[in-house]
1. Answer yes if at least one residue in region B:165-181 is of a type in the set (D, E, K, R), away from chain A (no Cβ under 14 Å) and in a strand (DSSP E or B), and no otherwise.
2. Of the residues in region A:1-45, how many are touching a Pro at 6+ places or on another chain (Cβ under 9 Å) and buried (at least 18 other Cβ atoms within 10 Å of the Cβ)?
3. Could you pull out the residue among B:Ala188, B:Ala242, B:Ala192, B:Ala214 that is aliphatic (A, V, I, L, M), over 30 Å from B:Asp21 (Cβ atoms) and more than 16 Å from the chain's Cα centre (by Cα)?
4. So, in region B:133-152, how many residues would count as being assigned to a loop (DSSP other than H, G, I, E, B), out of contact with any strand residue (DSSP E or B) (no Cβ under 6 Å at 6 or more places or on another chain) and not charged (D, E, K, R)?
5. Scan region B:4-34 residue by residue and report those that are surrounded by fewer than 17 Cβ atoms within 10 Å (Cβ to Cβ), under 18 Å from B:Gly135 (Cβ atoms) and not acidic (Asp, Glu).
6. Being within 20 Å of A:Arg135 (Cα to Cα), away from every other protein chain (no Cβ under 13 Å) and not basic (Lys, Arg) narrows it down to one of A:Gly77, A:Gly35, so name that one.
7. Of everything in region B:211-232, what is within 23 Å of B:Lys149 (Cα to Cα) and crowded, with 22+ Cβ neighbours inside 10 Å? Give them in sequence order.
8. Could you tell me whether B:Pro209 is in contact with a strand residue (DSSP E or B) (Cβ under 9 Å, 6 or more places away or on another chain) and part of a loop (DSSP other than H, G, I, E, B)?
Amino acid sequence: MRITTTVNGEPREIDDVWEGESLLYALRERMGLPGSKNACDQGECGSCTVYLDAVPVCACLVAAGQAQGRDIITVEGLAERDTLHPVQQAFVEAGAVQCGFCTPGLIVAAHDLLARSLQPSDQVIREALAGNLCRCTGYEKILDAVRLAADRLADASASGR
Amino acid sequence: MDFLQPRSWAEALEAKAAHPDAVPIAGGTDVMVELNFDVRRPPALLDLTRVEELTEWSMDEGQVRLGAGVTYARVITELGRELPGLAMASRTVGSPQIRNRGTVGGNLGAASPAGDSHPALLAAEAQVELASLSGTRTMPVSDFYTGVKRNALEPDELIAAILITPPSGPQQFCKIGTRNAMVIAVSAFGLALHPDRRAVGTGIGSAAPTPRRAREAEQFLAQALDEDGLWDSRRDLPAGLAHDFGARVRAAAAPIDDVRGTAAYRLHSLAVMARRALTWAWDDYQKAA
């Protein structure tokens, strides 16, 4: 079947989509957007987290057909041209990336958290990232990155930028 | 495979009647896992996410009518006061991503004995509304579960809504898992005190072939509270009552050993959860006086 969606602000049309395939497969294999990772294919790891109509979801649990006409933002859509989003920049600077496989999902989850809550407590950060597994870092550097991004976004917000 | 995408409830019922073997999909948190791992290859998927009637809830003659497609995230943010037990259970579901997609109706459709919403729905004595082109019927949720991952739906029926009376007393929900997030229950327990009817509701999860009530325990506790005049006095529970209630809840379970836990652990944890849930609920009841 044919699916038309908006992905990262651009209208996309893909053909020959199998009715049972996931949005994750469609993004990675049909739209050339491999940022969202396929690690567990069952919603356990969060590596495929994308925005579907502004709500963070596991793309592996969305049937591609369910995305028909919807608005999708993937990790590829967060940076502004060559400038990383503050959440992405903070992950780089804090050393929150090791093998990198969980990183795209964590970036999207943290992006969503900081869009809703400018100064989240550690407890709130942990809860917001509870659906994203990382097997390398032990999470400490990831928490550092989210706190760093939160501080910068709060500063930017306070100075009206 | 067909992909059916009705735009309205009427269209959805027509589609299900025309394709009784179509598998309904809403949040996809169960159905997509089966597709991704190729353990199920249904002839058709029936996508219910465009059916607006399913994603609404309303107050109807003193009851909450929860559309089958309302997500856990919305139960938590919008219905914490009206459906406290279900909201507590919803907070333990998966992760933010899962709660954003998963629906209470989907939990009923999957009818897993481990589904998180079932103990809360049982304790609150919820009703399930089923519909097909030939009409609508309503049944107690306790009658809806018919076996392991089996339910009372006819092939042409869809789950329309869950009907729940807002509480007249405290509700509690407990779940045992190996960590806090992303956990399928090893065992779970829901409790509702109904002081208006001087009744008690319970729900056992993950410890029998289906979610089930512990009816003997309910009657035991309601009677004990009645005999001592505690519904009115709200005095402290007599020593041992919560423990004895827990033992009766445990007696109502019929668990198995599996990868998540042993039958013995499930029985033990149920007795502990029931005792704690009653202690917490009674504390809430005393504070609410």
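1. Kept after step one, since they are of a type in the set (D, E, K, R), are these residues of region B:165-181: B:175, B:179.
Next cut, away from chain A (no Cβ under 14 Å) only: B:175.
In the following step, the residues that additionally are in a strand (DSSP E or B) were identified as B:175.
Checked against the condition, which is being of a type in the set (D, E, K, R), away from chain A (no Cβ under 14 Å) and in a strand (DSSP E or B), region B:165-181 yields at least one hit.
2. 7
3. Values: B:Ala188 fails: more than 16 Å from the chain's Cα centre (by Cα); B:Ala192 fails: more than 16 Å from the chain's Cα centre (by Cα); B:Ala214 fails: more than 16 Å from the chain's Cα centre (by Cα).
Within the list B:Ala188, B:Ala242, B:Ala192, B:Ala214, the selection yields B:Ala242.
4. Narrowing region B:133-152 to residues assigned to a loop (DSSP other than H, G, I, E, B): B:133-134, B:148-149, B:152.
Restricting the remaining residues to those that are out of contact with any strand residue (DSSP E or B) (no Cβ under 6 Å at 6 or more places or on another chain) gives B:133-134, B:148-149.
Then drop every residue that is not not charged (D, E, K, R), which leaves B:133-134, B:148.
Total satisfying the criteria: 3.
5. Listed by number, the residues that qualify are B:Ser8, B:Ala10, B:Ala17, B:Ala18, B:Pro20.
6. Details: A:Gly77 fails: within 20 Å of A:Arg135 (Cα to Cα).
The unique qualifying residue is A:Gly35.
7. First pass over region B:211-232, keeping only residues within 23 Å of B:Lys149 (Cα to Cα): B:211-215.
Within region B:211-232, B:Pro211, B:Arg213, B:Ala214 qualify.
8. Working: in contact with a strand residue (DSSP E or B) (Cβ under 9 Å, 6 or more places away or on another chain): yes; part of a loop (DSSP other than H, G, I, E, B): yes.
For B:Pro209, the condition - in contact with a strand residue (DSSP E or B) (Cβ under 9 Å, 6 or more places away or on another chain) and part of a loop (DSSP other than H, G, I, E, B) - is met.
The values are calculated or read from the model by the stated rules, or taken from the named source; none is laboratory data. Here the structure is a predicted model, which is why all the values come from computation and not from measurement. Cβ atoms come from the backbone with ideal geometry, glycine included; neighbour counts cover every protein chain shown.
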